[in-house]
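Here's a structure for you.
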Amino acid sequence: MCGIVGYVGHREAGSIVIEGLSRLEYRGYDSAGLAVHRGPGVFETVRSLGATAELTRQAKEEGFELGGRVAIGHTRWATHGAPSVRNAHPHISYNGRIALVHNGIIENHAELRREMEAEGASPSWWLSDTDTETLAHWIEHCRPRGGSLLDAVRLALGEVVGAYAVLILDVPTGELIAARRSSPLAIGIGNFEVFIASDAIPIVEHVQDIIYLDDGDIVQVEPRGANEVPNVRLFNLAEEGQVERQAVRVELKVEELGRGGHETFMMKEVCEQPVTVRDCLRGRLTPGDSPIALGGLEAAWPHLLRARRIHIVACGTSWHAGLIGKHLIETLTRIPCEVDYASEFRYRDPIVGPGDVVLAISQSGETADTRAALELALERGATPVGVVNVVGSSISRLAGCGIYTRSGVEIGVASTKAFTGQVTALVLLALGMAHSLGTLDRGAYEELKAELDTVPDKIAEVLENLGPVLAAADAHTSARDWLFLGRGVSFPVALEGALKLKEISYAHAEAYPAGEMKHGPIALVEPTCPTVFVLPGDVHYEKSLSNLQEVLARSGPVVAIVTRGNRELPEGVGHVIEVPTTHELLSPLLTVVPLQVLAHRVASNRDCNVDRPRNLAKSVTVE
Ligand code: F6R
């Protein structure tokens, strides 16, 4: 949610910030804004509805100069106040002394406003509907007489309830202050210049050593002469004096940030899956009877093997991967495993404590609810483990140990390669535990490992044979309602297929375990409502086939995802999409791919913006 970029240095600050914002658009794209410091006491802002391209156009139209040594910018995902130029950041304090951009939610903004008004603040100070503007006024309200901005920020943030990553420009001096709590911020220090952003992506093309700020951290960046390194000092709200933070090297290639010739980021990421799944396996999937190598889990391994129960917490697509993880863990290790929506887990007083393992799954590693669920588990003495894609992210640091999915940067808002990365990591985890626990006989263990090794090539095969998927999508592009059904591990795949379709094409799609169909959803079946069956050749096949017959009997059009060579399908199935044969537990890694492509094609046919679906943003850092 919301992207933030700040720059202090010798280059054209406005251009660098706009370029950085364009890299962060996946975090929000309803409006954008920029403030450039021109010199002591002088700054200018430009704001626009829409994404960064609009901001650039607006700046040109207004003749807005991008030159300057200090700038801050923002790309917004609205929380308080509709998307509009008025609500776009930066927001300016009532006295014009600071300009501020913010990601997060100031939960007590109304209370802070009441307090300021009781002490004489005029309602005319407020020019927007945002909580962010209140924070800007609040910081200046807290500034002690003659005090520095740093003092004001410390005092003000001490009273703030909520989540924030903020960048504050001190208009008199051009100093920048950055601070975070529960929302990510990273800082990169280059040659005579400093970059601050919501994540490493806008920074890595300039510097590769990144400091991820901790909760409560405050950074002060003072610009100095053109050939001098800006002064950077780090503090923490909870500590006296300066603090130190280690920089980490982020290996990210700028090429990874482009569409690589594909029409959308999503399609690029779908097509990367043979490589990303292989990357997830590399060095971990060892040959023969040897154990799975999961170095990042060393500290948690004894706890995992002795776990009374494993709780998986996640949101959205990652939650679907978690449902598959439950099948894998319970089938292969016989350890009970529960899967919770992180947003439910954190508020339902869960029965969790020492002896339990809490496994948080997250692509971004920044999802507010997942992070809070993990914090709760830690407080209660459970062992935390992360399955995370973004290295150095909040959840990976909080967990302290886990498995990185190595899926690379995922920019398309609809998660695809991150999902297959998560499922692959969970297969490795369950297999590794089964080996250590002896719950899987040697033959079966080796067979499953050998089969896992073939999965990347099999995903490539699926991607080479997309004709039937595209035909199914084209035939049903105008359907308003869809049903997705599956049993066993194919039920979470059905859920994922329905989620992909609804989030990028805005068609209504529901997923159920196929066996549940008769208990209600069958009422939806009619000639205009396609039903997608995920029915690979597994133990559930016959049962799912009966459900499929029931849909056909009611004139419901059927799209069937089956294992290659499956010829038992009844006549009347409109579209048959085959995937290569694999082990039942690995089938989600193949069956989900046509569903990703189906959703993409329907959305493209409907002229939807696939990479930037309405109302969504990647990395949900507010609850
Ligand atoms: C759907 C999607 C979301 C995310 C969810 C969790 O395509 O991307 O449902 O899966 O917001 O995000 P992470 O995995 O970053 O915690």
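With respect to R284, is the statement that it is touching a Leu at 6+ places or on another chain (Cβ under 9 Å) and on the phi > 0 side of the Ramachandran plot true?
No, not satisfied.
Only one of T477, T424 is in contact with a Ser or Thr (Cβ under 9 Å, 6 or more places away or on another chain), away from the ligand (no atom under 16 Å from the Cβ) and of a type in the set (S, T, N, Q); which?
One residue alone meets the criteria, T477.
Against the conditions (1) touching a His at 6+ places or on another chain (Cβ under 9 Å); (2) modelled with pLDDT of 95 or more, where does C2 fall short? Just the number, please.
Failing condition for C2: (2).
Scan the stretch 346-356 and give yes if some residue there is under 17 Å from the mean Cα position of the chain (by Cα) and buried (at least 17 other Cβ atoms within 10 Å of the Cβ), otherwise no.
No: zero hits.
Given the options L569, L552, name the one that is free of Cβ contacts under 8 Å to residues at least 40 places away in the same chain and either assigned to a helix (DSSP H, G or I) or not hydrophobic (A, V, I, L, M, F, W, C) (or both).
None of the other options fit; the residue is L552.
So which residues in the stretch 577-588 are farther than 10 Å from D538 by Cβ and part of a helix (DSSP H, G or I)?
L586, P588 - these are the residues of the stretch 577-588 that are farther than 10 Å from D538 by Cβ and part of a helix (DSSP H, G or I).
For the stretch 354-384, which residues satisfy the criterion of being on the phi > 0 side of the Ramachandran plot and away from the ligand (no atom under 16 Å from the Cβ)?
Within the stretch 354-384, G355, G381 meet the criteria.
Would you mind stating whether T591 is under 17 Å from L463 (Cα atoms), in contact with a strand residue (DSSP E or B) (Cβ under 9 Å, 6 or more places away or on another chain) and in a loop (DSSP other than H, G, I, E, B)?
No: the conditions fail for T591.
To continue, here is another question. Which condition does W319 not pass, out of (1) in contact with a helix residue (DSSP H, G or I) (Cβ under 7 Å, 6 or more places away or on another chain); (2) under 23 Å from E623 (Cβ atoms); (3) within 14 Å of the ligand (Cβ to nearest atom), if it passes all the others?
In the conditions (1) in contact with a helix residue (DSSP H, G or I) (Cβ under 7 Å, 6 or more places away or on another chain); (2) under 23 Å from E623 (Cβ atoms); (3) within 14 Å of the ligand (Cβ to nearest atom), W319 misses (1) alone.
Yes/no matrix, rows are residues, columns are (1) away from the ligand (no atom under 15 Å from the Cβ); (2) without any contact (Cβ under 8 Å) to a residue 40 or more places away in the chain:
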residue	(1), (2)
F491	yes, no
L499	no, no
S505	no, no
Y512	yes, yes
G520	yes, yes
E526	yes, yes
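What are the pairs, 6+ residues apart or on separate chains, where a residue within the stretch 302-324 that is more than 15 Å from V358 (Cβ to Cβ) has its Cβ under 6 Å from a residue that is within 16 Å of the ligand (Cβ to nearest atom) and of a type in the set (A, V, I, L, M, F, W, C)?
Filtered contacts from the stretch 302-324: T317/F419; H320/L495; A321/I361; A321/F419; A321/V423; L323/V339; I324/V423.
Taking the options G147, G174, name whichever one is out of contact with any helix residue (DSSP H, G or I) (no Cβ under 6 Å at 6 or more places or on another chain), modelled with pLDDT under 95 and either closer than 30 Å to L257 by Cβ or small (G, A, S) (or both).
Going through G147, G174 in turn, the sole match is G147.
Give the residue, chosen from A472, A450, that is in contact with a strand residue (DSSP E or B) (Cβ under 6 Å, 6 or more places away or on another chain), away from the ligand (no atom under 16 Å from the Cβ), of a type in the set (G, A, S) and modelled with pLDDT of 95 or more.
Only one candidate passes the filter, namely A472.
A further question on this structure: So which of A617, A511 ends up being crowded, with 23+ Cβ neighbours inside 10 Å and modelled with pLDDT under 95?
Answer to the check: A617.
While we're here: In the stretch 393-405, which residues are within 16 Å of A200 (Cβ to Cβ) and within 14 Å of the ligand (Cβ to nearest atom)?
Residues satisfying the conditions are S393, S394, I395, S396, Y404.
Conditions tested, residue by residue: (1) assigned to a strand (DSSP E or B); (2) hydrophobic (A, V, I, L, M, F, W, C); (3) under 17 Å from I98 (Cα atoms).
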site	(1), (2), (3)
E133	no, no, yes
W138	no, yes, yes
G146	no, no, yes
R154	no, no, yes
L169	yes, yes, yes
T173	no, no, yes
P184	no, no, no
V207	no, yes, no
D214	no, no, no
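The values are calculated or read from the model by the stated rules, or taken from the named source; none is laboratory data. What you see is a predicted model, and the numbers here were worked out from it, not measured in a lab. Positions of Cβ are generated from backbone atoms using ideal geometry, with glycine treated the same way; all protein chains shown enter the neighbour counts.
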